[in-house]
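Asks: Below is a structure I'd like to ask you about.
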Amino acid sequence: MSIIYYLKMNDEEFLKKLGHNIKILRTLRGLSQEDIMGELNIDRAYYSRLECGKANCSILYLRKIAQVLNVDLGKLLNLNIEI
């Protein structure tokens, strides 16, 4: 898919894809939601909403998630990740 497709995604589609990426990267690293929540000091409901694409967090928060997952922010935002 081209970058144009991703630019045309509506907000809901974009958040779902981003949440999916976070979940994939977390599971590939063998981390649980609890591991991430402990590092970020957030509650389970909010983190779960992020992975489900139901929460819209700030870019600074995404940077923190990327740091916990030990990935570049660009990889976290990569909309082409497929497993």
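Asks: Based on this model, can you work out whether Asn70 counts as polar (S, T, N, Q), at pLDDT below 90 and within 13 Å of the chain's Cα centre (by Cα)? Quick ask: steps written out before the conclusion?
Replies: Working: polar (S, T, N, Q): yes; at pLDDT below 90: no; within 13 Å of the chain's Cα centre (by Cα): yes.
Against the criterion (polar (S, T, N, Q), at pLDDT below 90 and within 13 Å of the chain's Cα centre (by Cα)), Asn70 does not qualify.
Asks: When only residues in the stretch 31-59 that are among the basic types (Lys, Arg) and part of a helix (DSSP H, G or I) count, which is surrounded by the most Cβ atoms within 10 Å (Cβ to Cβ)?
Replies: Here is the first cut: in the stretch 31-59, the ones among the basic types (Lys, Arg) are 44, 49, 54.
Subset that is part of a helix (DSSP H, G or I): 44, 49.
Numbers: Arg44: 11, Arg49: 16.
Checked the stretch 31-59; the qualifying residue surrounded by the most Cβ atoms within 10 Å (Cβ to Cβ) is Arg49.
Asks: I'd like to verify a number: residues in the stretch 15-30 that are surrounded by 14 or more Cβ atoms within 10 Å (Cβ to Cβ) and either free of Cβ contacts under 8 Å to residues at least 12 places away in the same chain or polar (S, T, N, Q) (or both), how many?
Replies: Of the residues in that region, 1 qualify.
The values are calculated or read from the model by the stated rules, or taken from the named source; none is laboratory data. All values derive from a computational prediction rather than experimental measurement. FYI the Cβ positions are ideal-geometry reconstructions off the backbone, even for glycines, and counts take in every protein chain you see.
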